[in-house]
Amino acid sequence: MDFWKDGYIILRNVFSSQEINEYRELIHKFVKENKTLKNAGGITIPNFIKHSELSEVKGLMENEKIHKELERIFGGNDYRFCQHNDIGINRIVGWHKDKLNGKYASHETVDIWSEINGEKHEIVKVLIYLQDHRDNNDGLKLVPGSHLVRNMQTKGTIQLRPELGDVVIFDQRITHRGMDHQVKDSRILVAFGFGKNNIFTDNFEKGTVKRQNDQNS
C-alpha cells in the first residue's frame, strides 16, 4: 500500500490484548476520579500526557513498531511528535478533516494543500482503539485518497475494522469520521500526532498547543 496515495494504513497486532485491557482500566479509573471535558456526546481528555495518572498510556506513542512504520512513511527520522494527543470516549463526530479551525486557523500561515520550498504537509495521526471493531461499524470510516483534495466529498467511503491491538495511521487531512450512533459500552480512542519537521508541522503544533491549553483551562 502506498501511504501517501491512499492516506492510511493499518498496523496489525501491535499491542497484546492484555496491554490494551490495562490501558482501558487506567483510563476508566482516571475518568472516575477526575473532572473531564464533555465533547461531541461523549468525553475528551485533551493533552492527556500531562496527567501523571496516565503516564503508562503516554507510553503507547513510544512503541517500536509504530516508529518503524513512521520512519517508512516519512522516509527517515526527520519527524517529531507535534503535541496533538487526546483520549476520546464515546464521541460522535461527523465527517471532517483534522486541521486547525476557528481562531486557531490563524496559525496556518501556508495553505496545507500547497508546496513551500519543496516541502509539503506531512502530518499523520496515530489511532489506537482500546476495543475490537472487527464485527461492528464503530471504528473509523474514511475516504481513501481524500487527503489530496480540500473538499469534503464522501464518495468511495470505506469502513475500517481494526482488531484489538491494531493501530491505524492516517494523513490528518483525510476525510473521515467515527461511529454515527451511541454505544452501550465505552468506546475509547487514543490519538497522537506526528509530523515532518517543516513549516506545516510548526504551524499545526502552535495551533494545537493553544487549542489544548484553552480546552484544559
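The values are calculated or read from the model by the stated rules, or taken from the named source; none is laboratory data. Keep in mind the model is a prediction, meaning the values are calculated, not measured. Cβ placement follows ideal geometry from the backbone for every residue including glycine, while neighbour counts extend to all protein chains displayed.
A few points about this structure:
- First in region 62-87 and on the phi > 0 side of the Ramachandran plot, second anywhere and among the acidic types (Asp, Glu), Cβ under 6 Å, 6 or more apart: 83/205
- Residue within region 70-92 that is of a type outside the set (Phe, Trp, Tyr), in contact with a Pro (Cβ under 9 Å, 6 or more places away or on another chain) and farther than 15 Å from residue 172 by Cα present: yes
- Only one of 180, 98 that is surrounded by 13 or more Cβ atoms within 10 Å (Cβ to Cβ) and under 18 Å from the mean Cα position of the chain (by Cα): 98
- Taken over region 144-171, residues that are surrounded by 15 or more Cβ atoms within 10 Å (Cβ to Cβ), among the hydrophobic types (A, V, I, L, M, F, W, C) and either out of contact with any Ser or Thr (no Cβ under 7 Å at 6 or more places or on another chain) or at positive phi (or both) amount to 5.
- Restricting region 165-217 to residues that are assigned to a helix (DSSP H, G or I) and without any contact (Cβ under 8 Å) to a residue 24 or more places away in the chain, the residue that is farthest from residue 1 (Cα to Cα) is 214.
- Yes/no for residue 126 being β-branched (Val, Ile, Thr), at pLDDT 95 or above, in contact with a strand residue (DSSP E or B) (Cβ under 8 Å, 6 or more places away or on another chain) and part of a loop (DSSP other than H, G, I, E, B): no
- Pairs with Cβ under 8 Å, 6+ apart, first in region 89-105 and at positive phi, second not in a loop (DSSP other than H, G, I, E, B): 90/42; 90/43
- Residue within region 106-119 that is under 15 Å from residue 170 (Cβ atoms) and of a type in the set (Phe, Trp, Tyr) present: no
- Residue 204 at pLDDT 95 or above, under 17 Å from residue 95 (Cα atoms) and under 15 Å from the mean Cα position of the chain (by Cα): no
- Lone unmet requirement of (1) over 21 Å from residue 200 (Cα atoms); (2) at pLDDT 95 or above; (3) out of contact with any helix residue (DSSP H, G or I) (no Cβ under 6 Å at 6 or more places or on another chain) for residue 9: (3)
- For region 38-61, a residue qualifies if it is out of contact with any Gly (no Cβ under 9 Å at 6 or more places or on another chain), more than 19 Å from residue 81 (Cα to Cα) and surrounded by 12 or more Cβ atoms within 10 Å (Cβ to Cβ), and the qualifying residues are 41, 53.
- Taken as a whole, the condition of being surrounded by fewer than 20 Cβ atoms within 10 Å (Cβ to Cβ), over 21 Å from residue 217 (Cα atoms), in contact with a His (Cβ under 9 Å, 6 or more places away or on another chain) and not small (Gly, Ala, Ser) does not apply to residue 73.
- Close pairs from region 115-132: first in contact (Cβ under 8 Å) with a residue 60 or more places away in the chain, partner among the acidic types (Asp, Glu), Cβ under 6 Å, at least 6 apart: 124/171
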